[in-house]
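Everything below concerns the one structure shown next.
The values are calculated or read from the model by the stated rules, or taken from the named source; none is laboratory data. On a predicted model such as this, the values are computed, not experimentally measured, just so you know. When we count neighbours, we look across all protein chains shown, and the Cβ atoms used for this are built from the backbone with ideal geometry, even at glycine. Protein only, heavy atoms only, side chains kept; ligands, DNA and RNA dropped before computing areas. Shrake-Rupley method; radii C 1.70, N 1.55, O 1.52, S 1.80 Å.
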Amino acid sequence: MELDRSGGSCRWRLRGQCGHSAAGRCSRLPGGCRRRPAGLWGTGAAHTCVCLQNGVITGVYPASPSSWLIVVVGVMSTMYAKVDPSLGIIAKINRTLDRTGCMSSQMKHVASGIIFGTGLWVALIVTMRYSLKVLLSYHGWMFAEHGKLSRATKVWMCMVKIFSGRKPMLYSFQTSLPRLPVPAVKDTVNRYLESVKPLMKEGDFKRMTALAEDFAVNLGPKLQWYLKLKSWWATNYVSDWWEKYIYLRGRGPLMVNSNYYAMDLLYVLPTHIQAARAGNTIHAILLYRRQVDREEIKPILLLGSTVPLCSAQWERMFNTSRIPGEETDTIQHVRDSKHIVVFHKGRYFKVWLYHDGRLLRPREIEQQMQRILDDPSEPQAGEAKLAALTAGERVPWARCRQAYFGRGKNKQSLDAVEKAAFFVTLDETEQGYKEEDPVTSMDSYAKSLLHGRCFDRWFDKSFTFIIFKNGKMGLNAEHSWADAPIIGHLWEYVMATDSFQLGYLEDGHCKGDTNPNIPYPTRLQWDLPEECQEVIETSLTSANRLADDIDFHSFPFTAFGKALIKKCRTSPDAFVQLALQLAHYKDMGKFCLTYEASMTRLYREGRTETVRSCTAESCDFVLAMEDPTQTVEQRLRLFKIASEKHQHLYRLAMTGSGIDRHLFCLYVVSKYLAVESPFLKEVLSEPWRLSTSQTPQQQVELFHLDKNPEYVSSGGGFGPVADDGYGVSYVLVGDNLINFHVSSKFSCPETDSHRFGKHLREALTDMITLFGFKSNSKK
């Protein structure tokens, strides 16, 4: 299998045989939370106590540790009142203890009550968890009309809140989340045929219908039986295979093809001092890591803080690296990391994050970054472009790693990189939005974050944090360990904490004092033979060829935003998706298979699902918009039908009734059973020529955007999925801004990212005008 994906979520194209890989995970405590050991924060004692306490709280959720005492005291009280609440169980426990012969009568009485009370308490916890899981399996609320909840749904919401307990922690809901259901084969096949009908000629559609119907009757049920079997014992029947065969099995470059990026604030630059910006933001990232370790981050809740989303993807955010293999990669996650590795001017520096038993303060981190910037030493032979190995093909990197990095100083230095909390690049260029040249500046910014110079980001790390010479920052994230909303959650926290919590002095430096007693960062040492350097150069050549082919256009759309779209009484996402369909038709003169990423985190360990946004209804609307004979009323009617269809498909995808993940898993089963399916083979070879993803804003409570309107996010983006297609990421920021990131390839004569951006602005303007609103868009 081979990877074909993008930043907001994975898009896939499968080739060849299935392989296998493994991603290590820490063991779980009773509540289902992954734990990291103490020792990261302060001297370790306080962190140990907090982690232990929070682990216990998560372990007994939705009950609380104090509820154990209440239950036991209640049982003991009834016993002293000569009432047996156990229906004879306490007496049996008493007789069992009597056989020991080492306890007095009163001691046995008390012990029996405590044992029964504890058992009753555990039974109540299990009952509450199971009841909550049953309640969370209901998703009818998603299909209700927006803003209107039935009385039954309101009662259901009250029941969920009752069984959800108080003050949940990051992993509190994990054991109460339902499992992702397996849709019926016929339902999936019918939805697939409906999705491709507007894209196929009549003869092709008849042939595909015959293949689909044959699959649904013959091979499909057999594959479905095995898939159902897996769904009974696996936590999630999709996620492990998705990680193995879509991400880790891919042999192509991670750069552009898999990794994605996140941008800084669009207009605001808190300081122009590179080291100072690094000091505050690295400290903010470490504060976030502490919250993850202590499970203090609140789980994401939908429907008025009622319905929880799965938090499993937070587990491998830090101390994580993807390790190359010849056939398949693996994910290495270490449980403790007290350093970061910083790249600057071709040198690698190891920076310890603690001094005198405490975390470095922002001014101290700034001091360490400035020491690196001032270091006059030259790169060692082959060191400057070493990271190009992570940017190129996976097989040469795997063989090179095995041959030259398995012993001595190379192994020690590579371990330092791969086991670092995260990777930092002090970039030598200046990037960011420039009012005097917005187009070129944003395009350059996007390309720098997506691929840089191909050797100044460590693309295998869970994320590379990049600080530019002028103080602007960004992030490049590896995709296999989690999806974009997870890294987006971190990024929102970092940007808000940097500007509104930590702040800067008037001269632009971090607050606080320097500390001359902190040891200098240490250079990593390498011994790279000429053969290894040749592999590095080959990988760099390949990576440069890929990077140079990327045509990127990143732009803020300021004519209108979410507020005006809502006045049209439609979903902002549906509005933008229909605008993308209209823009693509304007650009190409035809429709294409379209991917929109949605999430399945309503289920345990859920990741993503595909919304096939090009529908018969959207095609009818687009054709009406391009037909001058159509009236406004006809276009509005078709818009309403198309937007309602899109919202319905999105809800189906979120609730486990999507098309593509089910077909993907059936394909994997067919490979395990060594049976061929012409239907699945053809379905999974279809290219996504328009791949889209919306970046969600999840932490609006961090600061008031209405009071600070200039603090708007730029969002993030990803490379094109198909060689002859477009990748489009967008984020609706506040009420009056939509940021778009459009990618394609120069090598394709049919695509042009700037032309598509022009058509997209036109489409948005035409659609808002359709509703009678004026736009100040500049075409």
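Would you pick out the residues in segment 408-443 that are among the aliphatic types (A, V, I, L, M) and touching a residue at least 24 places away in the same chain (Cβ under 8 Å)?
Those that are among the aliphatic types (A, V, I, L, M) and touching a residue at least 24 places away in the same chain (Cβ under 8 Å): A416, V417, A420, A421, V424, L426, V439, M442.
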Residue, farthest from the chain's Cα centre (by Cα), within segment 641-687, restricted to residues that are assigned to a helix (DSSP H, G or I) and acidic (D, E): E682
Selection count, segment 596-625, where residues are in a loop (DSSP other than H, G, I, E, B), open to solvent by 10 Å² or more (accessible area, probe 1.4 Å) and among the small types (G, A, S): 0
Unmet requirement for S499, which otherwise passes all of (1) modelled with pLDDT of 95 or more; (2) open to solvent by 10 Å² or more (accessible area, probe 1.4 Å): (1)
Residue pairs meeting the criteria (Cβ under 9 Å; at least 6 apart or on separate chains; first open to solvent by less than 30 Å² (accessible area, probe 1.4 Å), in segment 64-84; second at pLDDT below 85 and not in a helix (DSSP H, G or I)): V75/P85; V75/S86; M79/P85; M79/S86
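Quick one: is L286 assigned to a helix (DSSP H, G or I), open to solvent by less than 10 Å² (accessible area, probe 1.4 Å) and within 28 Å of N544 (Cβ to Cβ)?
The answer is no for L286.
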Failed item in (1) assigned to a helix (DSSP H, G or I); (2) more than 16 Å from R607 (Cα to Cα); (3) open to solvent by less than 20 Å² (accessible area, probe 1.4 Å), with D187 passing the rest: (3)
Among the residues listed as F664, F703, F679, the single one being at pLDDT 95 or above and more than 20 Å from L180 (Cβ to Cβ): F679
Options S112, S137: the member that is open to solvent by 40 Å² or more (accessible area, probe 1.4 Å) and polar (S, T, N, Q): S137
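In this structure, does G471 turn out to be assigned to a loop (DSSP other than H, G, I, E, B), open to solvent by less than 30 Å² (accessible area, probe 1.4 Å), in contact with a Gly (Cβ under 9 Å, 6 or more places away or on another chain) and within 24 Å of P696 (Cβ to Cβ)?
It is false that G471 is assigned to a loop (DSSP other than H, G, I, E, B), open to solvent by less than 30 Å² (accessible area, probe 1.4 Å), in contact with a Gly (Cβ under 9 Å, 6 or more places away or on another chain) and within 24 Å of P696 (Cβ to Cβ).
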The one condition in (1) open to solvent by 10 Å² or more (accessible area, probe 1.4 Å); (2) within 24 Å of S337 (Cβ to Cβ); (3) within 18 Å of the chain's Cα centre (by Cα) that N257 fails to fulfil: (2)
Selection status of K167, assigned to a loop (DSSP other than H, G, I, E, B), more than 30 Å from R290 (Cα to Cα), free of Cβ contacts under 8 Å to residues at least 12 places away in the same chain and open to solvent by 30 Å² or more (accessible area, probe 1.4 Å): no
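Of the residues that sit in segment 139-164 and are of a type in the set (G, A, S) and part of a helix (DSSP H, G or I), which one is nearest to L219 (Cα to Cα)?
First, pick out the residues of segment 139-164 that are of a type in the set (G, A, S): 140, 144, 147, 150, 152, 164.
Now restrict to residues that are part of a helix (DSSP H, G or I): 140, 152.
On the way: G140: 32, A152: 41 Å.
Among those that are of a type in the set (G, A, S) and part of a helix (DSSP H, G or I), it is G140.
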Some residue of segment 345-360 being open to solvent by less than 10 Å² (accessible area, probe 1.4 Å) and of a type in the set (D, E): no
Residue tally, condition within 30 Å of C400 (Cα to Cα), of a type outside the set (A, V, I, L, M) and assigned to a helix (DSSP H, G or I), over segment 485-540: 8
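Has segment 577-588 got at least one residue that is more than 30 Å from V134 (Cα to Cα), assigned by the TED database to the domain that holds M625 and touching a Cys at 6+ places or on another chain (Cβ under 7 Å)?
Yes, segment 577-588 contains a residue that is more than 30 Å from V134 (Cα to Cα), assigned by the TED database to the domain that holds M625 and touching a Cys at 6+ places or on another chain (Cβ under 7 Å).
Does M157 qualify as being open to solvent by 10 Å² or more (accessible area, probe 1.4 Å), in contact (Cβ under 8 Å) with a residue 60 or more places away in the chain and not assigned by the TED database to the domain that holds Y130?
So M157 fails the test.
How many residues does segment 316-330 hold that are open to solvent by less than 10 Å² (accessible area, probe 1.4 Å) and not basic (K, R)?
Initially, segment 316-330 is screened for residues open to solvent by less than 10 Å² (accessible area, probe 1.4 Å), giving 317-322, 329.
Next cut, not basic (K, R) only: 317-321, 329.
Qualifying residue count for the region: 6.
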Of all residues making up segment 247-283, the number that are over 23 Å from S713 (Cβ atoms), hydrophobic (A, V, I, L, M, F, W, C) and in a loop (DSSP other than H, G, I, E, B): 2
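Please verify whether Y493 is hydroxyl-bearing (S, T, Y), open to solvent by 10 Å² or more (accessible area, probe 1.4 Å) and within 22 Å of the chain's Cα centre (by Cα), treating the condition exactly as stated. Give the derivation first.
Working: hydroxyl-bearing (S, T, Y): yes; open to solvent by 10 Å² or more (accessible area, probe 1.4 Å): yes; within 22 Å of the chain's Cα centre (by Cα): yes.
Yes.
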Failed item in (1) open to solvent by 40 Å² or more (accessible area, probe 1.4 Å); (2) part of a loop (DSSP other than H, G, I, E, B); (3) among the hydroxyl-bearing types (S, T, Y), with S172 passing the rest: (1)
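Listed here are the residues, each with its yes/no results for (1) within 22 Å of Q694 (Cα to Cα); (2) not hydrophobic (A, V, I, L, M, F, W, C).
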residue: P628; (1), (2): no, yes
residue: V632; (1), (2): no, no
residue: R637; (1), (2): no, yes
residue: Q647; (1), (2): yes, yes
residue: A653; (1), (2): yes, no
residue: D660; (1), (2): yes, yes
residue: Y667; (1), (2): no, yes
